[in-house]
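J.: Structure in structure tokens, see below.
The values are calculated or read from the model by the stated rules, or taken from the named source; none is laboratory data. Being a predicted model, the structure only gives us computed values, none of them experimental. So basically every Cβ, Gly included, is an ideal-geometry build from the backbone, and we count neighbours across all protein chains shown.
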Amino acid sequence: MLRRIGQRDFDFSRQVAIMAVINRTPDSFYDKGATFALNRAVQSALRAGDIGADWVDIGGVPFGRGPAVSTAEEIDRVVPVVDAIAAARPELVISVDTNSAEVAAAAIAAGAAVINDTSGLGDPRMAEVLAGSDAHVVITHSVGPPRAEKPPAHFDDVVGEVRGFLVERMARAEAAGVPRSRLIVDPGHDLDKNTLHSLEITRRIDELADLGAPLLVAVSNKDFIGESIDRPQGERLAGSLAAMTACILGGARIVRMHDIAETVDAVRMTEAILGMREPARLEHNRHPTHNV
């Protein structure tokens with residue numbers, strides 16, 4: 001499964017791509033605004049690339065409940081970060097996490113190669129904007145509008161319903177002129193789902209890996225991990241890496257994570273176990289005159 005995304009080539013039959021989360025928000029659930037300042041956001045993105053991230057995902061509005069953010073403000077938050085990263089590290093894939101077609105258009109013009117749409121093309125104009133560009137899109141499953149109070153999550157078969165949603169939204173994108181070669185899918189762990197739903201998706205992730213598009217998972221520091229192992233935010237790294245690894249073993253090929261150094265090691269080890277990557281070196285129990 002070969003993909004040219006931005007200026008980087010990916011062979012998803014032989015590698016897992018690492019996406020670093022960069023929050024240009026004052027109220028992100030994970031870092032509580034640590035990278036809200038423009039220089040902090042840019043520095044964090046460049047640092048992620050230095051330690052092994054393949055791309056960086058810039059978000060200006062969290063998905064969860066909170067005050068409304070205007071389109072103009074969202075553009076002011078994300079576009080300067082995209083501009084700075086594109087100028088400094090053109091080989092880094094840049095994605096922008098937005099549900100707004102207007103924000104997506106501005107981000108693509110500034111150098112974003114991917115739009116990470118957690119509403120799954122909820123904006124009627126999103127597919128049109130994408131069709132008129134060369135950008136990839138991450139189509140994510142969620143229910144209803146972001147930032148809004150919603151009723152308790154309910155699914156008769158969460159994996160079946162997520163799969164059906166993704167198939168329908170992929171067809172909608174293709175009908176609008178976005179080729180399948182630019183589609184990525186994400187089951188949306190914790191997005192309008194409870195912990196049992198997210199665990200079921202993780203357990204059955206292989207049922208979503210055959211849709212004809214690379215499968216992205218965003219499990220890092222999510223509440224389903226905290227509730228599963230009884231750990232507060234800030235103490236979920238081991239659980240996050242375990243959930244990520246389970247997803248890779250089930251077919252996920254893009255992982256959206258916060259702790260990049262640890263993620264790189266876990267991903268490289270998983271690739272080696274799967275036979276996708278040669279070990280960095282071979283010394284243990286090898287006689288210098290033997291080949292095996």
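J.: Can you name the number of the only condition in (1) crowded, with 17+ Cβ neighbours inside 10 Å; (2) within 19 Å of the chain's Cα centre (by Cα); (3) over 17 Å from ARG3 (Cβ atoms) that ALA261 fails?
T.: Tallying (1) crowded, with 17+ Cβ neighbours inside 10 Å; (2) within 19 Å of the chain's Cα centre (by Cα); (3) over 17 Å from ARG3 (Cβ atoms), ALA261 fails exactly one: (1).
J.: Sticking with this one: Within region 1-23, can you find the residues that are at pLDDT 90 or above and not in a strand (DSSP E or B)?
T.: GLY6, GLN7, PHE12, SER13, ARG14, GLN15, VAL16, listed by residue number.
J.: For region 159-203, how many residues are under 18 Å from the mean Cα position of the chain (by Cα) and among the aliphatic types (A, V, I, L, M)?
T.: Matching residues across region 159-203 total 9.
J.: Just checking, does region 87-107 include any residue being farther than 22 Å from ALA17 by Cα and among the basic types (Lys, Arg)?
T.: No: zero hits.
J.: Report the residue count in region 71-125 for those that are free of Cβ contacts under 8 Å to residues at least 40 places away in the same chain, under 25 Å from ALA171 (Cα atoms) and hydroxyl-bearing (Ser, Thr, Tyr).
T.: 3
J.: Follow-up question, since we're still on this one. List pairs: first in region 1-29 and surrounded by fewer than 17 Cβ atoms within 10 Å (Cβ to Cβ), second outside any loop (DSSP other than H, G, I, E, B) and at pLDDT below 95, Cβ under 6 Å, 6+ apart or cross-chain?
T.: Filtered contacts from region 1-29: ASP11/LEU2.
J.: Look through ALA72, ALA110, ALA37 and report the one residue that is at pLDDT below 95, over 22 Å from LYS222 (Cβ atoms) and either of a type outside the set (Asp, Glu) or over 19 Å from the mean Cα position of the chain (by Cα) (or both).
T.: Every option except ALA37 fails the conditions.
J.: Identify the residue in region 273-287 that is surrounded by fewer than 10 Cβ atoms within 10 Å (Cβ to Cβ) and not polar (S, T, N, Q) and, among all such residues, is modelled with the lowest pLDDT.
T.: HIS287
J.: Can you name every residue in region 214-244 that is assigned to a loop (DSSP other than H, G, I, E, B) and of a type in the set (D, E, K, R)?
T.: LYS222, ASP230, ARG231, GLU235, ARG236
J.: With respect to ALA238, is the statement that it is at pLDDT 95 or above and buried (at least 16 other Cβ atoms within 10 Å of the Cβ) true?
T.: For ALA238, the condition - at pLDDT 95 or above and buried (at least 16 other Cβ atoms within 10 Å of the Cβ) - is not met.
J.: Here is a follow-up. With SER240, SER228 as the choices, which residue is touching a residue at least 12 places away in the same chain (Cβ under 8 Å) and either closer than 15 Å to MET19 by Cβ or among the aliphatic types (A, V, I, L, M) (or both)?
T.: SER240
Residue-wise test of (1) part of a loop (DSSP other than H, G, I, E, B); (2) more than 19 Å from ILE5 (Cβ to Cβ); (3) of a type in the set (D, E, K, R).
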residue	(1), (2), (3)
ILE58	no, no, no
VAL61	yes, yes, no
GLY64	yes, yes, no
ILE85	no, no, no
VAL96	no, no, no
ALA106	no, yes, no
ALA109	no, no, no
ALA127	no, no, no
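J.: Right, here's the next one. Since GLU161 meets every condition but one in (1) without any contact (Cβ under 8 Å) to a residue 60 or more places away in the chain; (2) outside any loop (DSSP other than H, G, I, E, B); (3) buried (at least 17 other Cβ atoms within 10 Å of the Cβ), which condition does it not meet?
T.: Just one mismatch for GLU161, condition (3).
J.: Any residue in region 166-175 that is of a type in the set (A, V, I, L, M), loosely packed, with under 15 Cβ neighbours inside 10 Å and in a loop (DSSP other than H, G, I, E, B)?
T.: No - not one qualifying residue is present in region 166-175.
J.: A further question on this structure: Does region 177-190 include one or more residues that are farther than 28 Å from ALA84 by Cβ, crowded, with 21+ Cβ neighbours inside 10 Å and among the acidic types (Asp, Glu)?
T.: Taking every residue of region 177-190 in turn, at least one turns out to be farther than 28 Å from ALA84 by Cβ, crowded, with 21+ Cβ neighbours inside 10 Å and among the acidic types (Asp, Glu).
J.: A further question on this structure: Quick one: how many residues across region 195-213 are surrounded by 15 or more Cβ atoms within 10 Å (Cβ to Cβ) and part of a helix (DSSP H, G or I)?
T.: Total meeting the criteria: 10.
J.: Sticking with this one: Residue check, HIS141 against (1) farther than 21 Å from ARG3 by Cα; (2) surrounded by 24 or more Cβ atoms within 10 Å (Cβ to Cβ); (3) out of contact with any Asp or Glu (no Cβ under 9 Å at 6 or more places or on another chain), all met but one. Which one?
T.: So HIS141 meets the others, but not (3).
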